[in-house]
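To start, the structure itself, in structure tokens.
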2 protein chains.
Amino acid sequence: MKQTKYGDLVQYIENDIMTGILQPGHKLLSITRLSEHFAVSKNTVIRALHLLESRDKIEARPKSGFFVKHQVHREQPTAPSFHNIEPSRVLVPELFQDIMLRGSAFDIMPNDVLPPPHALMCKLHRNINKAIRTQATQRAMYYDEPLGLYALREELREHYSSAGVSISSTDVCITSGCQHALFLGLTATCVKGNNVVIESPGFYGVVQLLEELGLNAIELPSHSVSGVDINVLRETLDKYKITACVVSPAFATPSGSCMSEDNKKALIQLANKNDFAIIEDDIYGDLGFTSRPKPIKAFDTEERVILCSSFSKTLSRDLRIGWVMGARWQSKIKKLKLVSNLACSQAMQAALARFMQDGDYKRHLAYKRGTLLVQRDQLVQALNKYWKGELKFTIPNGGLTVWLELDSAINTGDLYNAAATQNIIIAPGALFSLAPNFTHFMRLSFNHPTLGNREKAIAKLSSMVFKNLIR
Amino acid sequence: MKQTKYGDLVQYIENDIMTGILQPGHKLLSITRLSEHFAVSKNTVIRALHLLESRDKIEARPKSGFFVKHQVHREQPTAPSFHNIEPSRVLVPELFQDIMLRGSAFDIMPNDVLPPPHALMCKLHRNINKAIRTQATQRAMYYDEPLGLYALREELREHYSSAGVSISSTDVCITSGCQHALFLGLTATCVKGNNVVIESPGFYGVVQLLEELGLNAIELPSHSVSGVDINVLRETLDKYKITACVVSPAFATPSGSCMSEDNKKALIQLANKNDFAIIEDDIYGDLGFTSRPKPIKAFDTEERVILCSSFSKTLSRDLRIGWVMGARWQSKIKKLKLVSNLACSQAMQAALARFMQDGDYKRHLAYKRGTLLVQRDQLVQALNKYWKGELKFTIPNGGLTVWLELDSAINTGDLYNAAATQNIIIAPGALFSLAPNFTHFMRLSFNHPTLGNREKAIAKLSSMVFKNLIR
């Protein structure tokens, strides 16, 4: 994945065209400005522009500059518009449990071969091995500090500082993953019967949590590009008392949407005015292809934003290490962590702290983002190539997933069942909302290369739909 | 720790004398019976008896046989007798959090050197390292099965089968340790405001859990040898509706007490009649020096016993792997695990499954029990040698801890503070009850050799008490 500056620039502009940031007819910056902006030589810029021209992506207009010529323009999936937004008790069908678990693998063919781990992952494994061996002679019978290993909390403080979040290491509490962090956040802020705002479509793990905790859900429509609709939230707050709002502002699953900074600030204002907690699921925050969005927590003025995340999407789910920044609820969260889980693995924490100290996590993220960008385009290209009928989908600028809207006659629950018989796994739209808003939607992931059998799986899915197999 | 059959037999009989199973004047079995019972030759028995005679433990009476001569007779600590047993809201002083955490290290000098890990622990570490590497190429982005790795659950099924518990592997749910198992068990069976019976003295992690879950505690006196008092429980059930009873029947901390099988059966009958759940903390069950007591779950007739345990006391806390057998609440517990924690590390589970499959866990337990028995005697000897004033303590036949009753004028909370300034850590009695029943008690652990600085620490503690430093 080592790239020249020249290749980076080409990819950057192509990405902006593909995701619609640069629209057809849009004029590019001048060669001088591009050279300054990307800190490359004018020659590099000219070489990149010529390649883009030869690929038919841009055109030179004499004495005017370069213009976006062509775009794989995609209609976005329909944003849900709910007529009745009101709190409702949560009941997740038993049937969903298995689908959710399979979907969480983010792999269209979980039984197919995977590429070998790259060198930095191997280094992390060596770190873990070393930490376990070192610790054996020292503290294997000892529990962790209540908040988690200081060295790791300190690294996370530093990491978030560069994303605009100013905290101290005592504001961080290490957890057994992001779901555990969300569990702690909701348990610390809400009691049974409280109303909690969630996004629709949104992460199903939150819906399951609300069910178990006996909390009412208020589903707000979430736009597939800009995320949760602040105006609808404002109206909802006039009608109902809400205790917490769970939101994924950066590359949310399933759509990959991102909230604007204005909306983040507006959300904080609403939380301050109406006295509710914001539980920010930041798990995809580090997976932005062109930039790392500022978390909502960066704009927090009254210690109301509980940020939740983990290493599960960036490194490996099997580390079982995440974190929560509990804001004004931090001491309650610390106590809840102790009684519900006692501690996290110190060896894992020590290995991860070392990985971050050595700069390996930053290097790994750069590599991961580049890989995911390539894989996103593979998935998009496969969809363009093989899908025969109506299809709208998002092309997110980060994260792991694409959200697809099929012909409204298609039931993706049936498609799930038909595909599963061929070892092809999709995440049907019904998982992402309590209401039947997304029965003709599905989520696909670009967490793996859409090549070989995974590419064929896209073609097979299309056949299933258009041979009327699943109507 | 490799021992001859001859040494085993000597140790076994010495242990029975020391713990009071064999009383002074008690006649030993005949040479023939001993030979049959322990499956050793008569010559081995005779050799063992002669050694015990030379150590002044037994005496030969002509034509009568061998009799127990001498016993380090210890008065047992006073069992609590409560006058008012009633449900009460739980409030754990904030001050206790830190003491509990330090105490959980089970080490009188947590900063002192430790012996190196033995070969089997190193083998486990190699298993873990291998599992992480193997998995990296396969399933690092995949979550665990909801109940946990099948291979590990199957090994646990087998393991418990030899302890008299007949279950299938689907009755086992892997957790992030025993505290997590207790959390899941209590959350699945109780709702806020319910009454829960706990032991006094008992494990403080349970008390913290009750507080967080808003449950009322009913503290039942627990005898330092025979555990919870079934008759008092029966009387309590006439007065109050209880939802669950949390009990440690095998080598409970702090006292090391064990329930008799009759009491276990009586408890089951009470649970059946009065419709409550039994939450069995079995974490020390595998650490019996002479036998593995049958869990209460072995006598369960109506799927009411939730067994909780982990590898934390037998292998290492840092594995963060435990288990719960959820009985009739199993599917609820599975769901709760998913939403609160999602999953456990598959690599750790695979490494542990392999460790059990290879017979290494059994070998390790044999080694561990032998080591703990030696260390228990080191601690007892140090107490006999250095303690200057009044002292009653338990000599448990398994587990990790000894429960000590000091002169009633001593406040062990003050002793904790005085000792901590010299890096000596005790667990003061106040931690083990909500009522001030045990302010002159403390818990010490024989999890580490009472040699070197740890032996000196016992002498220092005695000095602190008798120089009136902490009165």
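Taking the criterion of being among the basic types (Lys, Arg) and under 24 Å from A:Asn127 (Cβ atoms), would at least one residue in segment A:341-361 satisfy it? Yes, there is a match, as at least one residue in segment A:341-361 is among the basic types (Lys, Arg) and under 24 Å from A:Asn127 (Cβ atoms). Helices (runs of 4 or more DSSP H) fully within segment B:24-135 that include at least 2 residues being more than 13 Å from chain A (Cβ to nearest Cβ): B:31-37, B:42-54. Yes or no: A:Tyr150 hydroxyl-bearing (Ser, Thr, Tyr) and crowded, with 19+ Cβ neighbours inside 10 Å? Considered against the rule, which asks whether it is hydroxyl-bearing (Ser, Thr, Tyr) and crowded, with 19+ Cβ neighbours inside 10 Å, A:Tyr150 comes out as no.
Each row is one residue, and each column tells you yes or no for (1) facing another protein chain (nearest Cβ under 10 Å); (2) in a helix (DSSP H, G or I); (3) modelled with pLDDT under 95.
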position: B:Lys313; (1), (2), (3): yes, no, yes
position: B:Asp318; (1), (2), (3): yes, yes, yes
position: B:Trp329; (1), (2), (3): no, yes, no
position: B:Ile333; (1), (2), (3): no, yes, no
position: B:Phe355; (1), (2), (3): no, yes, no
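Only one of (1) within 19 Å of B:Lys332 (Cα to Cα); (2) at pLDDT 95 or above is not met by B:Val197, so which one is it? Failed condition: (1). Residue count for segment A:290-306, restricted to those that are touching a residue at least 40 places away in the same chain (Cβ under 8 Å) and under 27 Å from A:Asn15 (Cβ atoms): 8. Looking at segment A:375-397, is at least one residue under 25 Å from A:Tyr284 (Cα atoms), outside the structural domain of A:Arg292 (by TED's automatic domain parsing), touching a Phe, Trp or Tyr at 6+ places or on another chain (Cβ under 8 Å) and part of a strand (DSSP E or B)? For segment A:375-397, residues under 25 Å from A:Tyr284 (Cα atoms), outside the structural domain of A:Arg292 (by TED's automatic domain parsing), touching a Phe, Trp or Tyr at 6+ places or on another chain (Cβ under 8 Å) and part of a strand (DSSP E or B): present.
Suppose we filter segment B:79-123 for residues that are among the small types (Gly, Ala, Ser), within 25 Å of B:Tyr367 (Cα to Cα) and modelled with pLDDT of 80 or more; how many remain? Qualifying residue count for the region: 1.
Filtering segment A:181-199 to residues that are surrounded by fewer than 24 Cβ atoms within 10 Å (Cβ to Cβ) and aliphatic (A, V, I, L, M) leaves only A:Val191. Can you say whether A:Gly202 is crowded, with 17+ Cβ neighbours inside 10 Å, touching a residue at least 40 places away in the same chain (Cβ under 8 Å) and either more than 14 Å from chain B (Cβ to nearest Cβ) or farther than 30 Å from A:Leu404 by Cα (or both), as far as the supplied structure shows? When the stated conditions are applied, A:Gly202 passes them. Look at (1) within 14 Å of chain B (Cβ to nearest Cβ); (2) in contact with a Phe, Trp or Tyr (Cβ under 9 Å, 6 or more places away or on another chain); (3) among the polar types (S, T, N, Q) and you find that A:Thr290 fails only one, number (1). For segment A:268-278, the count of residues that are within 14 Å of chain B (Cβ to nearest Cβ), outside any helix (DSSP H, G or I) and closer than 28 Å to A:Gly103 by Cβ is zero.
Within the bounds of segment B:462-471, is there any residue that is without any contact (Cβ under 8 Å) to a residue 60 or more places away in the chain, buried (at least 17 other Cβ atoms within 10 Å of the Cβ) and over 30 Å from B:Ser291 (Cα atoms)? Yes, the conditions are met somewhere in segment B:462-471. Of the numbered criteria (1) over 28 Å from B:Val206 (Cβ atoms); (2) modelled with pLDDT of 95 or more; (3) of a type in the set (Phe, Trp, Tyr), the one B:Phe466 fails is (2). Using the structure shown, decide if B:Glu219 is surrounded by fewer than 22 Cβ atoms within 10 Å (Cβ to Cβ), within 18 Å of B:Ala435 (Cα to Cα), assigned by TED's automatic domain parsing to the domain that holds B:Phe299 and at pLDDT below 95. No: the conditions fail for B:Glu219.
The values are calculated or read from the model by the stated rules, or taken from the named source; none is laboratory data. What you see is a predicted model; the values in this text were computed from it and never measured. Backbone-built Cβ (ideal geometry, glycine too); neighbour counts: all protein chains shown.
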